[in-house]
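Below: the structure, in structure tokens.
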Amino acid sequence: MQRIEISKTFPFSVDKLFDFLSDHENLEMIFAPAKIKRVKDGEGSPNGVGSTRRMRILVAPPFEETVTRVEPNKLIEYKITKGSPLKNHKGVMRFSEAADGGSRLDYTIEFEGKLPLVGPVVKAGLDQGIRRGLNKLKL
């Protein structure tokens, strides 16, 4: 099992951070050069539970992630539901207030590769890419 753990503080409020990261299309900024499009609206809100996004990263075949749990301004959980070289995938974004009045994101992703060596290679690229994307985030 591969595990990515990222904790980062931001100078803006929890609700602004949550609103931005809960919108599927905004995730292109974090997962660049991925192309991301919401393909199914969620229950109660477009990006809520049950909403699905299609992601295409470089020349790899597209895959889909579905939101499985949302607690506004606190939590977003999702999993890959279609077309990926990964299995047993779970992404969790936890939002909280930072000590300085800004916000904090604790982001964890767990997964396994379907084939040997896929997991470690994906982990290295994904970890580095997400960190780079979050460092560029300005709201």
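Quick notes on this one:
- Charge dipole (debye, nearest 20) of the chain; +1 at Cβ of Lys and Arg, -1 at Cβ of Asp and Glu: 500
- Nearest 10 degrees, 0 to 90: helix 118-135 Cα axis against the chain principal axis: 30
- Mean ellipticity per residue at 222 nm, deg cm²/dmol - from DSSP H runs of n ≥ 4 across the chain, formula -39500 (n - 2.57): -6500 deg cm²/dmol
- Fewest-first sequence of SER45, SER84 by Cβ atoms within 10 Å of each Cβ: SER45, SER84
- The alpha-carbon of LYS40 sits under 26 angstrom from the alpha-carbons of these lysines, leaving out residues fewer than 8 places away in its chain: LYS16, LYS74, LYS79, LYS82, LYS87, LYS90, LYS114.
- Theoretical gain in end-to-end length, MET29 to LEU115 [0.36 nm per residue, Cα-Cα removed]: 28.1 nm
- Local electrostatic count, THR108, Cβ distance below 13 Å [Lys/Arg +1, Asp/Glu -1]: +1
- Relative to one another, the C-alpha centroids of segment 1-47 and segment 72-139 are positioned 9 Å apart.
- Reported label for calculated Kirkwood radius over Cα pairs in Å given [x] 16.5; [y] 16.0; [z] 15.2: [z]
- Taking label points 7 Å from Cα along the Cα-to-Cβ direction, LYS87 and GLU43 give a separation of 2.8 nm.
- Loop exposure criterion: trypsin sites (Lys or Arg not before Pro), DSSP state outside H, G, I, E and B, at most 12 other Cβ atoms within 10 Å. Applied to the chain, the longest stretch between such sites is 1-73.
Laboratory data are not the source of any read-out in this text; all were calculated from the coordinates shown. Just so we're clear, the structure is a prediction, and the values are computed from it rather than from any experiment. With ideal geometry, Cβ positions are generated from the backbone for all residues, glycine too; neighbour counts draw on all protein chains shown.
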